[in-house]
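A.B. asks: Submitted below is the structure of interest, expressed as structure tokens.
The values are calculated or read from the model by the stated rules, or taken from the named source; none is laboratory data. Note that the coordinates shown come from a computational prediction; the quantities given were computed from them, not determined experimentally. Neighbour counts are summed over all protein chains in view; Cβ atoms, including those assigned to glycine, are modelled from backbone coordinates with ideal geometry. These area figures cover heavy atoms from the full protein model, side chains too; ligands, DNA and RNA do not enter into them. Shrake-Rupley method; radii C 1.70, N 1.55, O 1.52, S 1.80 Å.
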Amino acid sequence: MQKKQYQILWLIISLTVLVVIALATIHQPVWGDERHTVETIQLFGASHWPQILFNYPEVTPPLFYVLYAAWGSIWGFDLETLRIFSLIIALAVFIMLYKTAFRFLQEAKTTFVVSLCFLINPYILGLSGFVFTDMLTLFFILCAIYFFEKKFYETAAGFAGLGLLCRQYVLFIVLAMWTMVLIMDLVKHTKRSFVRFSLSIAIASLPLMICMYIWKGMAPPMGMARWIMPDEYTWNPHALITYIAFTGIYLLPIVLFTWRKSMQEWKLLLGALFCGAIYFVFPVKVSLVTHTQTAHDTVGLVHRALDFFVGHGIFESIILYFFTCVGLWVLFVFILQDLAALKHRNIQPQTVLSFCYYFFLLIMPFSYQVWEKYLVLVWWAAAIRWTLTFAGTNLTQDQNAEYSLNLRPT
């Protein structure tokens, strides 16, 4: 099949999946956190502007609620109508995911397989059909990385700024791109791109900075009082291990897809089996707010399924230890490849993807919540990065010439 045929097939599959999701979700009663999210959207729609921006009962920035309130003011604020907007956003995410993956992979069949693996993620049903902030945030993240890879830095910064206005922890994308530009300029002995991107991202971040100034903190006071609880950790090591372990679980289809070549790194896997023992020091653990405010003692759907089949105990620990090792193996491969690229001054476009993953792991343990679903925002980057490593890169000569910074003294 040719490139255009795979694109058409992906669009057909995306539309079919969304029709199925719509039939499964559109008339469902309010689902979990969707209740307070919809209430806040309705509050935005009924309140005076800009006073509502000063305080509202959420810890997330206002753009998501503004856009949904704008949709609701035209079409209505009932649950079904708001869910239709979620489905439209999900379609935009599916299209942008394929475009971003192809931008890096440069091969239609491989792009198609990686994109299909995204669709089988158990969270896609709920995040696409219900009213949650995740898919809109993911759309902005994908756009930012897509345009960043094309070196449209101002556009990338703009989308990153929009992402920050949906979720503060989109900072991990900002830091990934900023670090990538810094390294490229250091290798080329210039400051042009770094200054250009830094200025762009400073301007793009300004709306969130203004909001934080108004709030006198990271989030609106009502949201802080409602959701944030004192915890024993400022930076939660249990969260780090949780995201590494569930990276191993969610990336398993991609690892199996490339297993013949990926097993070339079996020595790193042995090292991961040893280092994975840290799981028994900092096992997967729900956040304090989850433990206090809900009946859940799991961090998401897969953890809940695991608990259903084997319960909490030794078998759960063994399984999660194994996937922690898989996740550490992925992390070790990325780190060693990036260090080798830096050593040889040969920075490739996929480096920004592993930077996204590194900064995600560093930033997310600061969050008051620990949910495996947050990996949806970065899973695609790790999947593309791993596939490029072991399924072969097909970058065009122009792309290699653009990113290969092998600068030797003459």
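A.B. asks: When you have a sec, figure out the Kirkwood radius of region 269-331 from all distinct Cα pair distances and drop it here in Å to one decimal? Don't skip to the answer; put the middle values down first.
C.D. replies: Numbers: mean 1/r = 0.0798 Å⁻¹.
Taking the inverse mean of 1/r over all distinct Cα pairs, region 269-331 comes out at 12.5 Å.
A.B. asks: Compute the convex hull volume of the Cα atoms of the chain, divide it by the residue count, and report the result per residue in Å³ as a whole number.
C.D. replies: Working: hull volume 63.1 nm³, N = 410.
So the per-residue Cα hull volume is 154 Å³.
A.B. asks: Separate question: Among the complete DSSP H segments of the chain, which ones combine at least 30 Å of alpha-carbon extent along their axis with a mean Kyte-Doolittle hydropathy of 0.0 or more? Present the calculation step by step, with values, prior to reporting the outcome.
C.D. replies: Numbers: long enough: 3-25 (32 Å, 1.48); 79-105 (38 Å, 1.61); 192-215 (35 Å, 1.38); 314-343 (43 Å, 1.83).
Helices meeting the span and hydropathy rule in the chain are 3-25, 79-105, 192-215, 314-343.
A.B. asks: Something else: How long are the semi-axes of the equivalent ellipsoid of region 142-183, taking √(5λ) for every eigenvalue λ of the Cα gyration tensor, in whole Å from largest down?
C.D. replies: Working: eigenvalues 49, 29, 9 Å².
Working through the eigenvalues yields semi-axes of 16, 12, 7 Å.
A.B. asks: For region 178-251, which trypsin sites (Lys or Arg not before Pro) are in a loop by DSSP, counting at most 16 other Cβ atoms within 10 Å? Write out the running numbers ahead of the final one.
C.D. replies: Values: sites: Lys188, Lys191, Arg192, Arg196, Lys216, Arg226; in loops: Lys191, Lys216.
Of the trypsin sites (Lys or Arg not before Pro), the ones in loops of region 178-251 whose Cβ has at most 16 other Cβ atoms within 10 Å are Lys191, Lys216.
A.B. asks: Per residue, what accessible area does the chain have, given a 1.4 Å probe and all protein chains present, in Å²? Walk me through the numbers on the way to the answer.
C.D. replies: Working: 18480 Å² over 410 residues.
It amounts to 45 Å² per residue over the chain.
A.B. asks: Putting +1 on Lys and Arg Cβ atoms and -1 on Asp and Glu Cβ atoms, find which of Ser193, Leu240, Ile384 reaches farthest to the positive end of the dipole of the chain.
C.D. replies: It is Ser193, whose Cα lies furthest towards the positive end.
A.B. asks: Not counting ligands, DNA or RNA, and with a 1.4 Å probe, what is Leu18's accessible surface area in Å² rounded to the nearest 10?
C.D. replies: It works out to around 10 Å².
A.B. asks: Ignoring any ligand, DNA or RNA, what whole percent of the accessible area of region 176-323 comes from carbon and sulfur when the probe is 1.4 angstrom?
C.D. replies: Values: 6010 of 8320 Å².
Reported share for carbon and sulfur atoms: 72 percent.
A.B. asks: Leaving ligands, DNA and RNA out of it, report the carbon-plus-sulfur percent of the accessible area of region 53-135 at a 1.4 Å probe.
C.D. replies: 74
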